[in-house]
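Note sheet for the following structure.
The values are calculated or read from the model by the stated rules, or taken from the named source; none is laboratory data. No experiment lies behind these values; they were computed from the predicted model shown. Cβ sites come from the backbone with ideal geometry, for glycine too, and all protein chains shown count toward neighbours.
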Ligand SMILES: NC(=O)c1ccc[n+]([C@@H]2O[C@H](COP(=O)([O-])OP(=O)(O)OC[C@H]3O[C@@H](n4cnc5c(N)ncnc54)[C@H](OP(=O)(O)O)[C@@H]3O)[C@@H](O)[C@H]2O)c1
């Protein structure tokens, strides 16, 4: 298979890259610098290619993905993403950062999906997987743009899954809780204390299984699925108190 993973140098992306390389597939990745890539994959196998690609560049995303797969892509995993950084109580909302979050987390994913479809629809087959987040399910006060960008991805995936189902392309939306990665470590200095923390290797296995089964939406780990439901059903007043408490 030819698999392109945006953010393939990040925590979850790297674990997915290792998984698919071990299974014998051809993997193309982007994210970070070539130097960082070479440090991350010192014994880069022939089946792995790095692309110096910023997914907010629409033309470059289409060109690089087409070049990687020579016109036939089997799987796209859109994992490139950023968040607001470490929450600081009382800090005013950084609208520049918020705009960047939407550019990468939403528009960047849209560009990647466009590129993937161009190399899947002519063959009437392919799989697309998108990294949203459990943060998509509740609007947390510290991370408005991140939550909103991830919520948009859930609806985008639902629509695309319906739209392309009859043309052989499946769409899977992943909504993880806390995964142990550089992004999560940078955001949560006390990550080890975060509930139901999952390793990036374990997350990669869950994602791989979800893609294989062509699931539409997977919230994991299971504890986070139930907590998210609870938060959604909770009275707003109680949710507010919980948010205030978690800021401390
Ligand atoms: N870790 C968690 O707890 C968690 C939970 C829920 C959802 N997620 C989502 O899962 C995905 C992966 O997260 P992660 O924790 O593995 O993050 P990470 O370790 O920070 O990796 C993010 C990857 O995306 C790349 N990237 C960022 N902006 C890019 C751009 N404009 N073009 C191309 N690549 C870009 C990064 O490369 P650079 O070095 O260039 O930045 C990096 O390779 C994200 O979408 C995140 O929101 C993570």
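Search region 68-86 for residues being under 21 Å from residue 12 (Cβ atoms) and surrounded by fewer than 18 Cβ atoms within 10 Å (Cβ to Cβ), and hand back the single one that is farthest from the ligand (Cβ to nearest atom). Give the derivation first.
First, the residues of region 68-86 that are under 21 Å from residue 12 (Cβ atoms): 68, 73-86.
Those still in the list that are surrounded by fewer than 18 Cβ atoms within 10 Å (Cβ to Cβ) too: 85-86.
On the way: 85: 11, 86: 13 Å.
Looking at residues that are under 21 Å from residue 12 (Cβ atoms) and surrounded by fewer than 18 Cβ atoms within 10 Å (Cβ to Cβ), I get 86.
So how many residues does region 179-199 have that are in a helix (DSSP H, G or I) and near the ligand (Cβ under 10 Å from one of its atoms)? Write out each step before concluding.
Of all residues in region 179-199, those in a helix (DSSP H, G or I) come to 182-187, 191-193.
Then drop every residue that is not near the ligand (Cβ under 10 Å from one of its atoms), which leaves 182-187, 191.
The total comes to 7.
Among 149, 138, 170, which is under 30 Å from residue 120 (Cα atoms) and either more than 9 Å from the ligand (Cβ to nearest atom) or surrounded by fewer than 21 Cβ atoms within 10 Å (Cβ to Cβ) (or both)? Show your work before the answer.
Working: 149 fails: either more than 9 Å from the ligand (Cβ to nearest atom) or surrounded by fewer than 21 Cβ atoms within 10 Å (Cβ to Cβ) (or both); 138 fails: under 30 Å from residue 120 (Cα atoms).
Just one listed residue meets the conditions, 170.
State whether one or more residues within region 94-110 are surrounded by fewer than 21 Cβ atoms within 10 Å (Cβ to Cβ), without any contact (Cβ under 8 Å) to a residue 12 or more places away in the chain and in a loop (DSSP other than H, G, I, E, B).
Checking region 94-110: at least one residue is surrounded by fewer than 21 Cβ atoms within 10 Å (Cβ to Cβ), without any contact (Cβ under 8 Å) to a residue 12 or more places away in the chain and in a loop (DSSP other than H, G, I, E, B).
Checking the condition surrounded by fewer than 23 Cβ atoms within 10 Å (Cβ to Cβ) and out of contact with any strand residue (DSSP E or B) (no Cβ under 7 Å at 6 or more places or on another chain), which residue from 10, 32 passes? Break it down stepwise before answering.
Numbers: 10 fails: surrounded by fewer than 23 Cβ atoms within 10 Å (Cβ to Cβ).
Answer to the selection: 32.
So, in region 200-230, how many residues would count as being within 11 Å of the ligand (Cβ to nearest atom), over 19 Å from residue 4 (Cα atoms) and touching a residue at least 60 places away in the same chain (Cβ under 8 Å)?
Summing the residues that are within 11 Å of the ligand (Cβ to nearest atom), over 19 Å from residue 4 (Cα atoms) and touching a residue at least 60 places away in the same chain (Cβ under 8 Å) in region 200-230 gives 2.
Examine region 55-67 for a residue that is surrounded by fewer than 18 Cβ atoms within 10 Å (Cβ to Cβ), over 16 Å from the mean Cα position of the chain (by Cα) and part of a loop (DSSP other than H, G, I, E, B), and state whether such a residue exists. Give the derivation first.
Step one: list which residues in region 55-67 are surrounded by fewer than 18 Cβ atoms within 10 Å (Cβ to Cβ), which gives 56-60, 62-63, 66-67.
From what is left, the residues that are over 16 Å from the mean Cα position of the chain (by Cα) are 57-60, 62-63, 66-67.
Filter once more, keeping what is part of a loop (DSSP other than H, G, I, E, B): 57.
Among the residues of region 55-67, at least one is surrounded by fewer than 18 Cβ atoms within 10 Å (Cβ to Cβ), over 16 Å from the mean Cα position of the chain (by Cα) and part of a loop (DSSP other than H, G, I, E, B), which makes the answer yes.
Residue 182 fails exactly one of the following numbered conditions: (1) more than 21 Å from residue 241 (Cα to Cα); (2) at pLDDT 95 or above. What is the number of that condition?
The failed condition is (2).
May I ask you to list the residues in region 153-166 that are more than 16 Å from the ligand (Cβ to nearest atom) and surrounded by 14 or more Cβ atoms within 10 Å (Cβ to Cβ)?
158, 160, 161, 164
Please go through region 37-54 and give me each residue that is farther than 23 Å from residue 103 by Cα and either in contact with a helix residue (DSSP H, G or I) (Cβ under 7 Å, 6 or more places away or on another chain) or surrounded by fewer than 15 Cβ atoms within 10 Å (Cβ to Cβ) (or both), ordered by number.
Selection gives 38, 39, 40, 42, 43, 44, 45, 46, 47, 48, 49.
Any residue in region 182-193 that is surrounded by fewer than 13 Cβ atoms within 10 Å (Cβ to Cβ) sitting within a Cβ distance under 9 Å of a residue that is modelled with pLDDT under 90? List the pairs, counting only those 6 or more apart or interchain.
189/86
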